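This report concerns only the one structure given below.
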Amino acid sequence: MTNNYNKLYNNERDVEQGFLQEDRKNDSFYLIDTGYSRPPSRSIKRLWNQLSRLQRFMIIMLIIFLILCVIVLLPWTDSSFIYDGRTEIQKNAQIDNILIDYSVKDKLQLVSTTSKAQEKDLVKLKMEKVDFENGLVEQGFVEKIDKPVLEQTSSAQDKQNAIVAAFQHAWKGYKSYAWGHDHVKPIAKTFQNWFGLGLTIVDSLDTMYIMGLKEEFHEAKKWVKEKLNFNLNRDVNFFETTIRVLGGLLSAFHLSKDSIFLDKAVDLANRLMPGFKSSSGMPYSDVNLQTGHAHPPAWGQDSTVSEISTVQLEFRDVSRLTGDPKYETAAFKVSEHLHQLPKKEGLVPMFINAETGQFRSTSTITIGARADSYYEYLLKQWVQTGRTIDWLKEDYMQAVDGILKHLVKESSPGKLTFVGELLSGRSFSPKMDHLVCYLPGTLALGYHYGMPSSHLKLAFDLMDTCYNMYAQTATKLSPEIVYFNLQPHGSSDIIIKSNDAHNLLRPETVESLWYLYHFTRNDTYRDWGWQIFQAFEKYAKVEDGGYTSIGDVRNPISSLGSSRILLKNRMKWLIVAACVLAVASALPNHETGQQSSPAQENTNPQEASSRAARFDERKFSSNKQNALTSNDLDTNKQKVGIKDRPHPPRFPEREK
């Protein structure tokens, strides 16, 4: 018979030694022969001493590992690194949050959360008399800009010269160490090949032409004519090759009218066409340019939605230039198929199977990496096809509604508007890629073509947030990914994790700044672009030529060439060139040339050649446009008097 446990042992002694009676009762060990339950060990120290040295070592290492995981992975650790553990340099580098408050009376006012110590560093923007609900935006957009305390002393010409010089510095590094190869590694002074197609040369042709760099352009054209060979027995990424090589050749042709670029573009398009030969017609991710063999990516069976839905502008342009509809037909079949698939109020998952043509339903819904340009190309295809395909417009509008409903939130405490993600299509995450910063420009472009005023309101909000992603770091450069604080406590809206703190010299923010400046003539957007350009010059420039990516935008102390500040020994300077172009286009007294993008609005394929870009060789006076014709812009200039109008301006009357 089992006796009561507490009668067999001294309760007072057990309590003194830390044992609880309830623990005794729940003990699962029994003395089978006597029937008495055995108490657990009364000393943790005794148990520890009974372990071997190896066992104790492994337990200690496990505890240390778990502590390090907590330190690295919890968001608050990165936030405290930025704002609570700041060095004096970081404190001086902090830029205040901008918060735009839309009152119930439909007025748009700027509420500044600027601290007195930092007021001198912030360009303030005020927007007044804007009624988004009652249509005042369509009647006239009124802005007022506080005079920046931080004066921009450089003249417009000085800024233009600085930007052209930056391009030439990047070109010098590429020409010296990587000529004919895809990318330059400016620190190691060597090169990297991704596809072996001279990506940097082809992708820079239109920029050199617009900047008036005739010597560099003709040198690059000679290489394209004599050295660019697509008969390579190697796999290339279908999407990247389309937008960078095919798109680069088409832009160069539209600008220069030189047939060599069109000939090369048609050759490449023919070699890419086998990519569409899946069971569903959705393009595979990879294709061999010599054999035509196409296949899914090495890492799985799915393609990314952005890759299959971001080739239509280029292939449609090839059809219009050649009169052969096969290119447009194959590419547009993808858009038609995506149109038929079920979505979450216009929002699509990031992965799709090329064979089945079905979304991976459990994949993340995002406006960032792997899905971003799907939404952009809905709008630009609608414009490119003369605004005649209604379902493209409807899918775009439904997607923006879905973004507003499911993905847009405000951070705390500064109320920065951001676009998050739905993990597995359900669970909200306050994560936002730098890639999402293309969206303000796309929304503004859509508003120009008649989209609702709520799109413009979101464009303004997101543009402020994207700028703050730069302004709130010590280097004034944005990280690749940020998280936003949704909790009521905390001093920072923006949280940067260590693994996301690098900068790849991406152009999305500066591109959107150009769109917002172009449509509003608000000098604040131009000034922000110039500030970003200056930060790239300070932290990414390599002395002997080229620009490099940044390892940690939170650390301004490292010098160039130090392994602490470099993410990798490689320079994607062609992306800088895109940034440079966008900033330069925003400079005052510029003139608008014919649009040079394949997104030209043109409903008649036979007129494509006559609608191509006309460029008058004026040094750096033209702007590279996305989906806007020169007639559109000339009309807007007449309506609002851009050249003669003093500030503040009106928002240009939209296309009807």
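When the residues Cys437, Cys69 are ordered by accessible surface, computed with a 1.4 Å probe over the protein chains alone, the sequence from largest down reads Cys69, Cys437. Amide H to amide H distances under 5 Å link Thr190 with Lys185, where only residues 5 or more positions off or on other chains count and H is placed in the peptide plane.
Karplus-derived 3J(HN,Hα) values for the range 266-280, using 6.51 cos²θ - 1.76 cosθ + 1.60 with θ = phi - 60°, are 5, 4, 5, 4, 4, 6, 8, 4, x, x, 7, 8, 8, 4, 9 Hz; glycine and proline are entered as x.
The distance linking the range 321-348 with the range 204-262 is 26 Å (Cα centroid to Cα centroid, whole angstrom).
Dividing the convex hull volume of the alpha carbon atoms of the range 150-202 by its residue count gives 104 Å³ per residue. What FRET efficiency would be calculated for the residue pair Ser429, Ala165, taking the C-beta separation as r and a Förster radius of 45 Å, to the nearest 0.05? Efficiency, from the Cβ-Cβ distance: 0.65.
At 0.36 nm per residue, minus the direct Cα-Cα distance, what do Leu504 and Asp258 gain on full extension? Give it in nm, one decimal, please. Mind showing how you got there, number by number?
Values: separation 246, 0.36 × 246 = 88.56 nm, distance 3.27 nm.
Extra length from Leu504 to Asp258 when fully extended: 85.3 nm.
Protein heavy-atom surface of the range 421-549, 1.4 angstrom probe: 48% of the accessible area is carbon and sulfur, with nucleic acids and ligands not counted.
Here the peptides 475-484, 339-348, 388-397, 530-539 are ranked by packing, the mean other Cβ count within 10 Å, and the order with the highest first is 475-484, 530-539, 388-397, 339-348. Residues whose amide H lies under 5 Å from that of Ala294, counting only those 5 or more places away or on a different chain, are Asn288; hydrogens are built 1.01 Å from N in the peptide plane. Shown is the FRET efficiency for Ala188 and Glu345, computed with R0 = 45 Å from the Cβ-Cβ distance and rounded to the nearest 0.05: 0.40. In order along the range 331-341, the Karplus-derived 3J(HN,Hα) couplings, from 6.51 cos²θ - 1.76 cosθ + 1.60 at θ = phi - 60°, round to 6, 6, 4, 5, 5, 5, 5, 4, 4, 7, 6 Hz, and Gly and Pro are given as x.
Computed from label points 7 Å out along Cα-Cβ, the spacing between His293 and Gln534 is 5.4 nm. Ordered from largest to smallest accessible area (heavy atoms of protein chains, 1.4 Å probe), the residues Lys214, Lys264 come out as Lys214, Lys264.
Around Ile260, with a cut-off of 9 angstrom between Cβ atoms, what is the net charge of the other residues, counting Lys and Arg +1 and Asp and Glu -1?
Summing Lys/Arg as +1 and Asp/Glu as -1 gives +1.
What percent do you get for the relative contact order of the range 473-564 when only Cα pairs under 8 Å and 6+ apart count? Reported as a whole number, the value is 35 percent. Using the alpha-carbon positions of the range 285-340, Rg (one decimal) and Dmax (whole number) come out as 12.7, 38 Å.
The values are calculated or read from the model by the stated rules, or taken from the named source; none is laboratory data. These figures come from a predicted structure and were not determined experimentally. Neighbour counts are summed over all protein chains in view; Cβ atoms, including those assigned to glycine, are modelled from backbone coordinates with ideal geometry. Only protein heavy atoms, including side chains, enter the accessible area calculation; ligands, DNA and RNA are left aside. Shrake-Rupley method; radii C 1.70, N 1.55, O 1.52, S 1.80 Å.
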